[in-house]
Amino acid sequence: MSIAIIVLSALLAVAFLGSGGLKLVGAKQSLQMRDQLHVGAQQWRVVGALEVAGALGLAAGFVVPVLGIAAAVGLALLMVGGIVTHARAQDLRNAGPATLLLVLAVATVVLRVASI
């Protein structure tokens with residue numbers, strides 16, 4: 001496993017663990033974003049749970065590489081959904097973090113698949 005895979009996976013895991021955790025505990029900033037995007041409370045918690053699960057999957061991918069690939073693919077798809085949600089709410093100016101995480105997740109997938 002290359003250093004790039006380790007760094008990208010760890011960076012993504014930390015980012016999604018933080019983001020998902022904030023959604024799950026209902027942090028004020030997270031709730032403001034939820035309301036701005038017109039997302040329901042239950043759906044917001046599901047997204048948070050998926051982000052935390054993806055972060056754990058990335059970590060598990062250090063032991064079982066296919067789990068890391070699956071987690072990175074899932075997180076990339078989740079970020080596509082996030083960008084679409086920003087677009088529907090006419091809030092693309094705030095879609096930068098989701099776009100960056102999408103690029104990092106795709107890069108992680110590519111690197112992990114190439115290392116098999």
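Scanning segment 43-73 for residues that are surrounded by fewer than 16 Cβ atoms within 10 Å (Cβ to Cβ) and in contact (Cβ under 8 Å) with a residue 60 or more places away in the chain turns up just one, 62.
Scanning segment 89-107 for residues that are touching a helix residue (DSSP H, G or I) at 6+ places or on another chain (Cβ under 8 Å) and over 17 Å from residue 4 (Cα atoms) returns 89, 91, 92, 94, 95, 98, 99.
Within segment 93-109, the residues that satisfy the criterion of being surrounded by 13 or more Cβ atoms within 10 Å (Cβ to Cβ) and free of Cβ contacts under 8 Å to residues at least 40 places away in the same chain are 95, 97, 98, 99, 102, 106. Taken together, the residues in segment 1-18 that are more than 11 Å from residue 54 (Cα to Cα) and of a type in the set (Ser, Thr, Tyr) amount to 1. Restricting to segment 1-47, name every residue that is aromatic (Phe, Trp, Tyr) and closer than 22 Å to residue 61 by Cβ. Residue satisfying the conditions is 16 alone.
Mind telling me which of the residues 56, 37, 67 ends up being modelled with pLDDT of 95 or more, farther than 25 Å from residue 8 by Cβ and of a type in the set (A, V, I, L, M)? Just one listed residue meets the conditions, 37. From the set of residues in segment 1-42 that are under 16 Å from residue 109 (Cα atoms) and crowded, with 18+ Cβ neighbours inside 10 Å, which is farthest from the chain's Cα centre (by Cα)? By that ranking, first place goes to 5.
The values are calculated or read from the model by the stated rules, or taken from the named source; none is laboratory data. Given the structure is predicted, the values throughout are model-derived calculations rather than measurements. Glycine gets a Cβ as well: all are built from the backbone with ideal geometry, and neighbour counts include every protein chain shown.
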